[in-house]
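Here's the structure, in structure tokens; my notes come after.
The values are calculated or read from the model by the stated rules, or taken from the named source; none is laboratory data. Just so we're clear, the structure is a prediction, and the values are computed from it rather than from any experiment. Cβ placement follows ideal geometry from the backbone for every residue including glycine, while neighbour counts extend to all protein chains displayed. All accessible areas refer to the heavy atoms of the entire protein, side chains included, with ligands and DNA or RNA removed. Shrake-Rupley method; radii C 1.70, N 1.55, O 1.52, S 1.80 Å.
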Amino acid sequence: MAVRAVAAAPLLALLLTSAQQPAPPSVLYEQHIFAGGAAPPAGKLESPFKGDKKSAQEGEKLFAAFNCDGCHGGGAVGAVGPSLADGRWRYGGADGAIFHSIFYGRPRGMPAFGGILPPDAVWKLVTYLQSLQPAEDHATVSWSK
């Protein structure tokens with residue numbers, strides 16, 4: 001336990017010294033269905049760290065430091081919470097959808113971390129999760145179908 005706290009100390013210092021950034025705007029996802037075919041005004045969130053290996057490594061450290069592995073398992077393979085490494089996303093796998101899941105939380109158990117993590121830290125978590133390679137064989141059906 002002491003090792004985890006010592007390893008997390010630099011990350012926590014970074015988070016505490018980061019300037020508080022405003023909440024992201026409403027987001028338009030490809031999965032949305034529009035009444036009458038008219039989309040509401042919204043933007044599209046994209047990760048500023050997409051594909052960056054260093055940010056993915058920092059995201060992996062944040063995943064452990066904030067006990068995400070307590071629900072989603074080590075390596076995000078699933079435990080009490082769903083797998084985040086199998087390429088299947090209940091609320092969408094786009095950058096903005098994953099960001100919103102972490103920042104604002106989701107019903108039935110996913111807490112909102114936007115109150116304690118700055119957006120840059122959430123984006124690093126998104127980058128880490130997107131860096132995980134899904135297994136070739138999926139044991140269950142896809143959420144997206």
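The figures follow:
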{"item": "Accessible surface, segment 39-112, averaged per residue in Å² (probe 1.4 Å)", "result": "54 Å²"}
{"item": "Residues A112 and K50, FRET efficiency given R0 of 22 Å [Cβ-Cβ distance, rounded to 0.05]", "result": "0.45"}
{"item": "Label-point separation in nm, Q57 to D120, each point 7 Å along Cα→Cβ", "result": "1.8 nm"}
